[in-house]
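The values are calculated or read from the model by the stated rules, or taken from the named source; none is laboratory data. Note that the coordinates shown come from a computational prediction; the quantities given were computed from them, not determined experimentally. Cβ placement follows ideal geometry from the backbone for every residue including glycine, while neighbour counts extend to all protein chains displayed.
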């Protein structure tokens, strides 16, 4: 954690702890900017929702790297799910690649059922994976 004397935090109204907490909330959980603003307001910290993405651009890379490093390793067994869903009354096909721990690797949604698109999804996953699944 950085200290208040760090030049990176100079000329900021809030202490590094508040900034790091807001940035951590934004990157760790799928929260909107207004939700982060409300969570900070519940703790008595008055920050506008426009400030959070500015902090995220300035301080976020280090936080996102730490979160990614702490995340559990991806499993070596993958599953590909195919589901029909309805979006705005229209049928869509959803393909989802999941490992054995339930971590979603990638998602693809299309209006028509296209098996070649699912194959492209798997090829993309195989290219990005460090080790191939079993």
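Listed conditions (1) assigned to a helix (DSSP H, G or I); (2) surrounded by 12 or more Cβ atoms within 10 Å (Cβ to Cβ); (3) at pLDDT below 85 are all met by residue 53, apart from (3).
Report whether or not residue 7 is at pLDDT 85 or above, over 17 Å from the mean Cα position of the chain (by Cα) and either surrounded by fewer than 10 Cβ atoms within 10 Å (Cβ to Cβ) or in the same structural domain as residue 66 (by TED's automatic domain parsing) (or both).
On the way: at pLDDT 85 or above: no; over 17 Å from the mean Cα position of the chain (by Cα): yes; either surrounded by fewer than 10 Cβ atoms within 10 Å (Cβ to Cβ) or in the same structural domain as residue 66 (by TED's automatic domain parsing) (or both): yes.
No: the conditions fail for residue 7.
Within region 88-102, the presence of a residue that is touching a residue at least 24 places away in the same chain (Cβ under 8 Å), touching a strand residue (DSSP E or B) at 6+ places or on another chain (Cβ under 6 Å) and in a loop (DSSP other than H, G, I, E, B) is excluded.
Of the residues 45, 87, 67, the single one that is within 26 Å of residue 131 (Cα to Cα) and either surrounded by fewer than 12 Cβ atoms within 10 Å (Cβ to Cβ) or touching a helix residue (DSSP H, G or I) at 6+ places or on another chain (Cβ under 8 Å) (or both) is 67.
Here is a check on your reading of the model: is residue 121 part of a helix (DSSP H, G or I), touching a strand residue (DSSP E or B) at 6+ places or on another chain (Cβ under 7 Å) and not assigned by TED's automatic domain parsing to the domain that holds residue 13? Before you say what the answer is, go through the steps one by one.
Numbers: part of a helix (DSSP H, G or I): yes; touching a strand residue (DSSP E or B) at 6+ places or on another chain (Cβ under 7 Å): yes; not assigned by TED's automatic domain parsing to the domain that holds residue 13: yes.
Answer is yes for this residue.
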